[in-house]
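What follows draws every value from the coordinates through simple rules; no lab data is involved. Since we're looking at a predicted model, the values are computed, not measured. Cβ coordinates were reconstructed from backbone atoms using ideal geometry, including for glycine residues, and neighbour counts include every protein chain displayed.
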Amino acid sequence: MEGISFSQEEKKKVWEGPYTVHAYEVGTHISAPLTIVCNYLQDAAWHHAQILQLGYKALLEENKNWVLARLSIEMNRYPLWGEQITVRTWPKGTERLFALRDFEIIDGSGKRIGAAASAWVIVDTQSKRPQRPDPYFENMPLVPNRHALNSFPQKLPPVEQADREAVFRVRYTDLDMHNHVNNAKYIEWVLNGYSAEEHERMTISAIQINFLSEAVYGDEVLMKMERTEREGCVFVHSAQNIARGNEIFRARVQWTRTEKSDEKKTESQ
């Protein structure tokens, strides 16, 4: 699939940068896992926000901060060890309290191998309350009519009846510079809910995640997983802070069988 064909005027509003998949980033499939892809996306968003003078330091001067609220990622394939990819990102506008930003991941031949849509919230660092983003977007160079995915990241349903559960504590290495659990770590928690055999047989083709509340060092977390579509191989996840009783995040994961799995299935027939 080809990437979006932007007009010359639109290209001025799109940030793009190269990322090389390093040996220390790859997993057992010799490719960048979903957590690393998420890091690339967040890094690209950070760079563009800096250029637009709405980055971390600029907002912190006003006692504000960006918080990722919803994220949807779809992957056709994952970039391989040593491969150089390009991440494109652009702001699309606002939807209620959300600031919208899309992404494309392009390989060396110009093919799109992944795409994402995200919804961010500007939060007051003192009151912890979300702020209306509209004043910050009055003069923002937007690309509102170019959609990386077909839909806005939606509110996800809760886990109704868990098939699997796990309890663990937030570790020091889960934390970011704000002393909260990093967004990519939530995705790591989701991935760790599956066995090595499942990861060998399948790969994640799409994930949606709602970030609902913060988690900090020492929090005891209950992770719940439920399979909602047998044929489509779709699971929903929920992480709950046991002490406070509130949800930390919800996720929906869609898997597809790997080529290795299909080969083994053919051999056994």
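Between residue 138 and residue 29, take the C-beta separation as r, use R0 = 30 Å, and let me know the FRET efficiency to the nearest 0.05.
0.10
So for the pair residue 83, residue 173, with labels modelled 7 Å out along Cα→Cβ, what separation do we get in nm?
Computed distance between label sites residue 83 and residue 173 equals 2.6 nm.
Between residue 93 and residues 5 or more places away or on another chain, which pairs have amide H atoms under 5 Å apart, with H built 1.01 Å from N, and which residues are they?
Placed amide hydrogens put 100 under 5 Å from residue 93.
Rank by packing, highest mean first: peptides 164-175, 99-110, with packing defined as the count of other Cβ atoms within 10 Å averaged across residues.
Per-residue mean Cβ counts within 10 Å order the peptides as 99-110, 164-175.
Within the set 12/64; 11/92; 128/155; 12/92, which residue pairs have Cα atoms separated by over 24 Å?
The answer is 12/64.
Order by neighbour count: 88, 129, fewest other Cβ atoms within 10 Å first, most last.
Sorted ascending by nearby Cβ count, the order is 129, 88.
Dipole size in debye (nearest 20) for region 155-269 around its Cα centre, Lys and Arg Cβ +1, Asp and Glu Cβ -1?
For region 155-269, the charge dipole is close to 160 debye.
Kindly list the residues of region 205-249 that lie in the label zone of residue 1, defined by a backbone N under 11 Å from the point 7 Å along the Cα-to-C-beta vector.
Within reach of a label on residue 1, which here means backbone N under 11 Å from a point 7 Å along Cα→Cβ, region 205-249 contributes 206.
Taking the Cα atoms of region 155-269, what is the range of coordinates along each of the three principal axes, in descending order and whole Å?
Answer, in whole Å and largest first: 51, 29, 22 Å.
5 Å is the cut-off here: which amide hydrogens, built 1.01 Å from N in the peptide plane, fall below it relative to residue 113, excluding neighbours closer than 5 in sequence?
Excluding prolines and chain starts, which carry no amide H, the hits are 105, 106, 107.
Using only Cα atoms, what Kirkwood radius does region 1-154 have, in angstroms?
16.1
Calculate one ³J(HN,Hα) per residue across region 85-98 by plugging θ = phi - 60° into the Karplus curve 6.51 cos²θ - 1.76 cosθ + 1.60, and present them in order as whole Hz with x for glycine and proline.
10, 10, 9, 10, 8, 8, x, 10, x, 10, 9, 6, 8, 8
Please give me the summed charge of the neighbours of residue 240: other residues whose Cβ is under 12 Å from its Cβ, Lys and Arg +1, Asp and Glu -1.
Cβ neighbours under 12 Å give a net charge of -1.
Please give the residues of region 70-102, grouped as numeric ranges, whose backbone N is less than 20 Å from a label point set 7 Å along the Cα-to-Cβ vector of residue 51.
Only 84-94, 99-102 pass the distance filter.
With a cap of 10 neighbouring Cβ atoms within 10 Å, and only residues DSSP puts in a loop, list the trypsin sites (Lys or Arg not before Pro) found in region 181-254.
Passing both the DSSP loop test and the Cβ count: 230.
Looking at the calculated P(r) for the chain, what percent of the C-alpha pair distances fall above 23 Å?
55
Where Lys and Arg each count +1 and Asp and Glu each count -1, what net charge lies around residue 94 among other residues with Cβ under 12 Å from its Cβ?
+1
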